[in-house]
1. Of all the residues that make up the range B:101-118, how many are part of a helix (DSSP H, G or I) and of a type in the set (Ser, Thr, Tyr)?
2. Restricting to the range B:1-24, name every residue that is more than 15 Å from residue B:104 (Cβ to Cβ), crowded, with 23+ Cβ neighbours inside 10 Å, in contact with a helix residue (DSSP H, G or I) (Cβ under 8 Å, 6 or more places away or on another chain) and aliphatic (A, V, I, L, M).
3. Among (1) surrounded by 24 or more Cβ atoms within 10 Å (Cβ to Cβ); (2) of a type in the set (Gly, Ala, Ser); (3) in a loop (DSSP other than H, G, I, E, B), there is one condition residue B:192 misses while meeting the rest; what is its number?
4. So, of the residues in the range A:45-61 that are touching a strand residue (DSSP E or B) at 6+ places or on another chain (Cβ under 6 Å) and more than 7 Å from chain B (Cβ to nearest Cβ), which turns out to be farthest from residue A:84 (Cα to Cα)?
5. What is the one condition in (1) closer than 23 Å to residue B:3 by Cα; (2) crowded, with 20+ Cβ neighbours inside 10 Å that residue B:323 does not satisfy?
6. So residue A:84 ticks every box in (1) at the interface with chain B (Cβ under 10 Å from one of its Cβ atoms); (2) more than 16 Å from ligand 1 (Cβ to nearest atom) but one. Which box is left unticked?
7. What are the residues in the range A:1-40 that are more than 16 Å from ligand 2 (Cβ to nearest atom) and touching a residue at least 40 places away in the same chain (Cβ under 8 Å), if any?
8. May I ask you to verify whether residue B:168 is outside any helix (DSSP H, G or I), more than 14 Å from chain A (Cβ to nearest Cβ), buried (at least 23 other Cβ atoms within 10 Å of the Cβ) and under 22 Å from the mean Cα position of the chain (by Cα)?
Amino acid sequence: MSLEVSICDSCEEVLAPPRLKCPECRKEMRIEEVDGAGVIITHTTVHIVPEGFQAPIMVGLVKLDAGGQVLARSDIELETGMRVDVEGLEDGTHRILKMDRVSGS
Amino acid sequence: MPTGYLAGVGHTPFGRSELDLVALLEDAALLALEDSDVPKVDAIIVGSQTSDELAEVANLGTRLADILGLSGVASWRVENSSGSGSALLEAATLAVRSGAYSNVLAVGGEKMTDKPTPVTAKVLGRVLADTEIALGLTMPSLGAMVARMYMERYGLSRETLAMVPVKAHANGARNHLAHFQKPVDVDKVLSSPMVADPLRVFDCAPISDGAAAVVVTSRRTDVEIAGVGHGTDRIALADRRGDGLRATQLAAAIAYKEAGVTPAGVDFAELHDAFSILEIIDSEDVGLFPRGEGWKALEAGTTSRDGELPINVSGGLKSRGHPVGATGLAQVAEVVWQLRGQAEGRQLDDVHVGLTQNIGGFGSNNLVTIMRRV
Ligand SMILES: CC(C)(COP(=O)(O)OP(=O)(O)OC[C@H]1O[C@@H](n2cnc3c(N)ncnc32)[C@H](O)[C@@H]1OP(=O)(O)O)[C@@H](O)C(=O)NCCC(=O)NCCS
Ligand SMILES: [Zn+2]
């Protein structure tokens, strides 16, 4: 799977989802499609959700192999340190999938 | 540099209130004015995170001037989400230090219990990044992710984390203004319903109504506003780097420098424990303990009311309650009462320097204030 990120070459910063300007130096960011492979660094299952959502919601924070971190929804049980694959969705959110391939391929 | 002093503080009871937001703000303001010997204030600053949505009322500046019989006086609103209270103190201090005003009334409050929890959760969550809102995340969900990260990285157990609310409730039981005034034990915390795994209801600050106020003056009183620091961080949790909350670390560095104090010179602190884990992280971010060791101080009793460095003797956000726009000023009121020797039922011995730390957003816009008895 893959997703879009933005990169600031001066700050060596990678952000997902992509944005136009770097939050630290205001330089224009370069947008790139990168591989979704990464590792879970923390996660939660939300039981009390805001109006308009259905509980439970599972989310994880993924450190991407390509650099940067992305917060994404998950349908699979998560564990810290677990290798996962992240897919960027049309609506700008992200989804965590099982890693069922050799990372980076 | 010219400095600012605290002339008076006011604090309504926190919890579920029959009063509307403006009445709460009025009560806190009158208490602060009564507590001070300032004959007339020359400016009013009002704060609320989200009065327009939760209390359905706007133009708070004018309303307050009008209702307090201070019509004609400059009056404006400051908003920095749950950090509004400290931002009010900051604005009042800067207004006095600049010489533009001599006596400033700062009032913050929130009326949160009118709406059902899912609506309040949605409204409070508007401070989050768009990407987080789109996923259906709430303030407690981010608290939960930060909690898990800290626990796994530094070996904090779920049982020890529960000692934060247990301590908060023990302290709040001595505060007649607190939302919750009943001690609880670790079992009670760990058997409360799950909000966002691993955080349960008793790891979260409640939804409260209330207001707090201060009068800041250029004239010397017995409590000096020695240092005020303010910092920000990137809004999305995923975009942040480094350990702890950078916004607090930046704010603390400024406040210590202004006050000419080091963390070793702080006698007690009121920290933003909106979620149990935050008290531990905050205590490290303001430099009271090394990174990863705040929980050891908690476990050892160092931060208990009879410990070496009491944290949240008021009951903190957890037990005192968290009417978001009021919290920062409620923290200041506690510090002033402690420094003056007026903290009835919970007075600490021999305290000279107190610190408050107040979070806006989910840790993205934070303030640290240092006050000194003079
Ligand atoms: C934790 C939370 C979801 C609980 O809300 P809730 O499930 O709607 O709770 P209710 O209002 O239905 O209360 C049910 C009971 O739990 C108690 N209760 C509610 N919140 C509580 C809390 N945080 N701690 C302890 N007890 C709590 C109530 O007093 C009530 O007790 P009772 O039955 O004896 O009267 C809510 O307090 C919350 O969202 N807190 C976080 C607020 C926040 O994000 N603040 C901004 C942070 S900067
Ligand atoms: Zn940059």
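1. If we filter the range B:101-118 for residues that are part of a helix (DSSP H, G or I), which is where we start, we get B:117-118.
Those left that are additionally of a type in the set (Ser, Thr, Tyr): B:117.
The total comes to 1.
2. Step one: filter the range B:1-24 for residues more than 15 Å from residue B:104 (Cβ to Cβ), giving B:1, B:11-24.
Okay, now just the ones that are also crowded, with 23+ Cβ neighbours inside 10 Å, so B:11-12, B:14, B:21, B:24.
Still in the list and also in contact with a helix residue (DSSP H, G or I) (Cβ under 8 Å, 6 or more places away or on another chain): B:11-12, B:14, B:21.
Correct list: B:21 only.
3. Of (1) surrounded by 24 or more Cβ atoms within 10 Å (Cβ to Cβ); (2) of a type in the set (Gly, Ala, Ser); (3) in a loop (DSSP other than H, G, I, E, B), only one is false for residue B:192: (1).
4. The residue in question is A:56.
5. Checking residue B:323 against (1) closer than 23 Å to residue B:3 by Cα; (2) crowded, with 20+ Cβ neighbours inside 10 Å, the one that fails is (1).
6. Unmet condition: (1).
7. Within the range A:1-40, the subset more than 16 Å from ligand 2 (Cβ to nearest atom) is A:1-4, A:17, A:33-40.
Passing the criteria: A:1, A:2, A:3, A:4, A:17, A:35, A:36, A:37, A:38, A:39, A:40.
8. Values: outside any helix (DSSP H, G or I): no; more than 14 Å from chain A (Cβ to nearest Cβ): yes; buried (at least 23 other Cβ atoms within 10 Å of the Cβ): yes; under 22 Å from the mean Cα position of the chain (by Cα): yes.
No.
Only the coordinates and a few stated rules stand behind these numbers; no lab work does. Quick caveat: nothing in here was measured; it's all calculated off a predicted structure. Cβ coordinates were reconstructed from backbone atoms using ideal geometry, including for glycine residues, and neighbour counts include every protein chain displayed.
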